[in-house]
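The values are calculated or read from the model by the stated rules, or taken from the named source; none is laboratory data. Quick caveat, the model's predicted, so the values are computed rather than measured. Here the Cβ positions follow ideal geometry from the backbone for every residue, glycine too, while neighbour counts run over all protein chains shown. Quick note on the areas: whole protein, heavy atoms, side chains included, nothing else; ligands and nucleic acids left out. Shrake-Rupley method; radii C 1.70, N 1.55, O 1.52, S 1.80 Å.
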Amino acid sequence: MSTLSDRFTYLDANAAEPIRPEACEAMTQAAVVAGNPASVHRAGRAARAVLETAREAIAPLFGAAAENCVFTSGGTEANVLAITGQATGRRVLVGASEHDAVRAAASSTTIPVRADGVLDLAALERMLANGETPALVCAMLANNETGVINPVREIADLCHAHGALLHVDAVQAAGRIAFGVDGLGADSVAISGHKFGGPKGAGALLLA
């Protein structure tokens, strides 16, 4: 039986990168571990070890502590979890060019972008200064359609000066741009495995 790869050359790695052989091998090995990682018996502890080993391998790649790496079903769940988990008592400010999953996660006010697609920091500062309640700001690191890279460290400094939190959608950047949660200054960062050689349906929320 022929496969899709037999009939054409795949060039859309920015949408979803083909899974790497070592990722397939790791999934196959994990699939035969039968225990529930929440169980305290031997099989449960074995399953938990697989989970924690993965957490300890992934988190340092993005400058996060293992205990601050929360596995999700992908970038959408990581973004929604971050926004719904941090938005209580806060205004949500979302960049105009953010992914649909971010803009749909909560009722929000739009932060404009400049003509070059970069978040308008002057407009953001006015919005942060004029609000009666602190904000949760959502800004992507790299845009999935235009490739524009936001100055996230500057955005983070601006947010924190006004008592705001910053969530960064780094789904499109992971595996392409070297970054760390601390280096970005973000309070939370979303990544998704299928963008850099991992399986579909696997992602993580990284917390500062």
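Panel values: segment 56-99, Kirkwood radius from alpha carbon pairs, Stokes-Einstein at 10 °C and 1.306 mPa s, translational diffusion coefficient 129 µm²/s.
For the chain, complete DSSP H runs whose alpha carbons reach 20 Å or more along their own long axis and whose mean Kyte-Doolittle score is -1.0 or higher are 42-58. Summarising the amide proton neighbourhood of LEU93: residues at separation of 5 or more, or on other chains, whose placed amide H is nearer than 5 Å comprise THR109, LEU136, VAL137, CYS138. Legend: Rg and Dmax of the chain, from Cα coordinates, 18.7, 63 Å.
Roughly how large, in nm² to one decimal, is the mean projection of the convex hull of the alpha-carbon atoms in segment 106-206?
Averaged projected hull area, Cα only: 6.8 nm².
Between the beta carbons of LEU51 and GLU145, assuming R0 = 25 Å, the FRET efficiency works out to 0.15 to the nearest 0.05. The accessible surface of the chain, taken with every protein chain in place and a 1.4 Å probe, is 57 percent carbon and sulfur.
Loop-resident trypsin sites (Lys or Arg not before Pro) (DSSP state other than H, G, I, E or B) in segment 93-158 with no more than 11 further Cβ atoms inside 10 Å of their Cβ are absent. Over the chain, accessible surface divided per residue gives 52 Å², non-protein components excluded, 1.4 Å probe.
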